[in-house]
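Q: My questions all concern the structure below.
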Amino acid sequence: MKVLLAATVASLAFAAAASAQTVGFSQIGSESGWRAAETTLTKQQAEERGIDLKFSDAQQKQENQIAAIRAFVAQGVDAILLAPVVATGWDSALEEAKESDIPVILLDRQIDASDDLYMTAVGADSVHEGEVAGGWLVDTVDGKDCNVVELQGTTGSSVAIERKEGFEKAIADHPNVKIIRSQTGDFTRSGGKEVMESFIQAENGGENICALFAHNDDMAVGAIQAIKEAGLQPGKDILTVSIDGVPDYFKAMANGEANATVELTPNMAGPAFDALEAYWADGTMPQKFIQTDSKIYTQADDPEGEYERRKGLGY
Ligand code: AHR
């Protein structure tokens with residue numbers, strides 16, 4: 001029976017592979033440079049592979065993503081890519097996709113749901129990203145007291161929860177490094193600037209702040225602007241460490257105004273389409289988590305060159 005079922009799945013998948021594939025992509029929105037690059041690369045990857053991509057921009061709203069999933073199911077797409085804005089609340093929409101035998105692949109964020117509701121998830125280990133950022137700060141301050149302000153990503157998103165957890169883990173055994181303020185900047189540049197202004201105001205014009213940990217580079221770039229406007233030198237008076245590796249942050253590192261970033265590749269679609277193509281070819285199921293690298297870059301890692309390599313990539 002099992003053999004028969006596997007053969008049927010494989011032949012159905014192979015039959016699907018014979019014609020052009022249609023994939024629905026529910027994207028969160030365009031809150032950051034990283035997100036814009038992910039969108040650009042997904043569209044490029046689809047075009048190169050002859051995949052018909054149906055793109056839906058949810059403008060940061062989960063209800064728009066759920067409506068998009070339902071519309072993709074009604075259209076009978078061959079697969080769905082979902083970058084979930086928050087971690088919870090996906091069960092019924094994903095059950096509907098499952099009932100219609102439409103594989104779902106999560107991009108760059110995780111969900112709190114049974115893993116049989118999706119085929120695989122492509123992304124970084126976000127706890128590890130936070131740990132790498134925190135580890136860099138611990139090593140850099142080398143035992144000196146350091147008050148940290150934290151700009152969190154979108155409330156309820158897996159990446160904000162996990163990056164925070166990882167950073168806290170990294171500093172846990174180092175009482176000299178303390179988070180003194182923490183608030184969401186919603187992953188946006190304007191949010192980062194606004195919240196950093198309030199941190200600076202509350203902390204003696206920024207005098208009490210030793211370092212900024214931002215959950216993404218866009219918020220850090222906004223915060224760097226706020227630090228400069230307060231008459232302080234970002235990268236020196238206030239150290240900065242964040243996540244993504246967007247060109248503007250590399251520019252700030254090259255100018256000595258930012259210190260470190262943990263790269264997150266915006267090419268989530270490449271591994272996702274590879275997994276789908278293998279499945280369509282012969283029914284091969286991917287592993288449940290396809291992990292991308294989390295390399296840290298500092299001012300010593302040719303930030304000008306990294307900027308040049310990334311500009312024009314859709315960020
Ligand atoms: O989920 C990935 C995060 O979402 C990126 O770090 C951030 O820039 C984006 O908005």
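Q: Antiparallel DSSP bridges in region 199-315: what percent, to the nearest 5?
A: 25 percent
Q: Can you work out the Karplus-derived ³J(HN,Hα) for every residue in region 134-139? Use 6.51 cos²θ - 1.76 cosθ + 1.60 with θ = phi - 60°, whole Hz, and x for glycine or proline.
A: x, x, 4, 5, 4, 5
Q: Give LYS98/LYS295; LYS61/LYS295; LYS164/LYS311; LYS169/LYS295; LYS193/LYS236 a once-over and call out the pairs whose C-alpha atoms are over 25 Å from each other.
A: Beyond 25 Å: LYS98/LYS295; LYS61/LYS295; LYS164/LYS311.
Q: Roughly what angle does helix 33-48 make with the longest principal axis of the chain, taking Cα atoms, 0 to 90 degrees, to the nearest 10?
A: The helix 33-48 is inclined about 30 degrees to the chain.
Q: What angle, in degrees between 0 and 90 and rounded to the nearest 10, separates the Cα long axis of helix 158-171 from the longest principal axis of the Cα atoms of the chain?
A: The answer is roughly 40 degrees.
Q: On to the next question. Determine the relative contact order of region 201-246: mean sequence separation of Cα pairs under 8 Å and six or more apart, normalised by residue count, in whole percent.
A: 48 percent
Q: Heads up, I need the accessible area for THR88: 1.4 angstrom probe, whole protein in place, Å², nearest 10.
A: Answer for THR88: close to 80 Å² accessible.
Q: Can you give me the accessible area per residue for region 36-168, using a 1.4 Å probe, in Å²?
A: 40 Å²
Q: Given the peptides 180-187, 61-68, arrange them by the average over their residues of other C-beta atoms within 10 Å, most packed first.
A: 180-187, 61-68
Q: Determine how large the accessible area of CYS210 is when every protein chain is in place; take a 1.4 Å probe and give Å² rounded to the nearest 10.
A: In the full protein context, CYS210 sits at about 30 Å².
Q: Under the definition of Cα pairs under 8 Å and six or more residues apart, what whole-number percent is the relative contact order of region 162-266?
A: In percent, rounded to a whole number, it is 22.
Q: Can you return the aspartates and glutamates within cross-link range of LYS43? Criterion is Cα-Cα under 17 Å, with same-chain partners fewer than 8 residues away left out.
A: Cross-link targets: ASP52, ASP57, ASP78, ASP108, ASP274, GLU277.
Q: Which one of ILE171, GLN233, VAL141 is farthest out on the positive end of the charge dipole of the chain, using unit charges on Cβ (Lys, Arg +1; Asp, Glu -1) and the Cα centre as origin?
A: GLN233
Q: Turning to a different aspect of this structure: Relative to the longest principal axis of the chain, what angle (0 to 90°, nearest 10) does the C-alpha long axis of helix 2-17 take?
A: 80 degrees
Q: When only Cα pairs under 8 Å and 6 or more residues apart are kept, what is the percent relative contact order across the chain?
A: The value is 20 percent.
Q: Which shape class, rounded, prolate or oblate, goes with the chain when its Cα gyration tensor gives a ≥ b ≥ c as root eigenvalues, a/c under 1.5 marks rounded, and past that a/b bigger than b/c marks prolate?
A: Verdict is prolate for the chain.
Q: Using the Cα atoms of region 135-190 to build a convex hull, what is its mean projected area in square nanometres?
A: Over every viewing direction, the Cα hull of region 135-190 projects on average to 4.0 nm².
The values are calculated or read from the model by the stated rules, or taken from the named source; none is laboratory data. What you see is a predicted model, and the numbers here were worked out from it, not measured in a lab. Every residue, glycine as well, gets a Cβ built from its backbone with ideal geometry; the counts of neighbours run over all protein chains shown. Quick note on the areas: whole protein, heavy atoms, side chains included, nothing else; ligands and nucleic acids left out. Shrake-Rupley method; radii C 1.70, N 1.55, O 1.52, S 1.80 Å.
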